[in-house]
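Before any comments, here is the structure.
What follows draws every value from the coordinates through simple rules; no lab data is involved. What you see is a predicted model; the values in this text were computed from it and never measured. Positions of Cβ are generated from backbone atoms using ideal geometry, with glycine treated the same way; all protein chains shown enter the neighbour counts.
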Amino acid sequence: MAAAAGASARPLPAPARHESERRPVGAPQRRPAVVAPAPRRRLKSLPARLLVFGVLLAVLAAGRVTLSFAVVQKNLQTDAVTRQYRAVDAENQQLAETAAGLSSALAVRKLAVKKFHLIVSPSVQFITVHPARLGTHARR
């Protein structure tokens, strides 16, 4: 029981002494120490901090959404350019095939017959001339 009584017992404050007993005679009088009050937690600044945090969080979220939107827009533009490139490339290949078909000897002959009214001879004859018989006209 003594342990239980000792645990619940509090020490008593020291008895107050008179000021003349505390300081020696002839010693300068000391001022009592000024104790600053303990800093209180400001409850008024907490909602302001939460408001600032919320505003900053909203700005960051808006920036993130804007950046994502810009990336999506650039991807759409890139896809459009890719589609246009493929269409032009296909058209280019088609024109190359058409040009190759038109440069063949048969196509040139058809064009000459239709457009320039070329008459094709039924038989072909080759004439060879000796260079000595040509005279001065061939030596230029």
Problem - Charge dipole of segment 82-140 about the Cα centre (unit charges at C-beta), most positive-ward option of ILE119, ALA132, ALA107 - result: ALA132
Practice task
Kindly write out, for segment 115-123 in residue order, the coupling ³J(HN,Hα) from the Karplus curve 6.51 cos²θ - 1.76 cosθ + 1.60 (θ = phi - 60°), rounded to whole Hz, with x marking Gly and Pro.
Solution key: 7, 9, 6, 5, 9, 8, 6, x, 10
Handout entry: Within segment 44-128, chymotrypsin sites (Phe, Trp or Tyr not before Pro) in DSSP loop having at most 12 other beta-carbon neighbours inside 10 Å
Key = PHE126
Exercise for the section: Would you mind calculating the gained length between LEU60 and VAL129 on full extension (0.36 nm times residue separation, minus the Cα-Cα distance), in nm to one decimal? Expected result: 15.6 nm
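Within 10 Å of each residue's Cβ, count the other Cβ atoms and sort SER68, SER123 from fewest upward.
SER123, SER68
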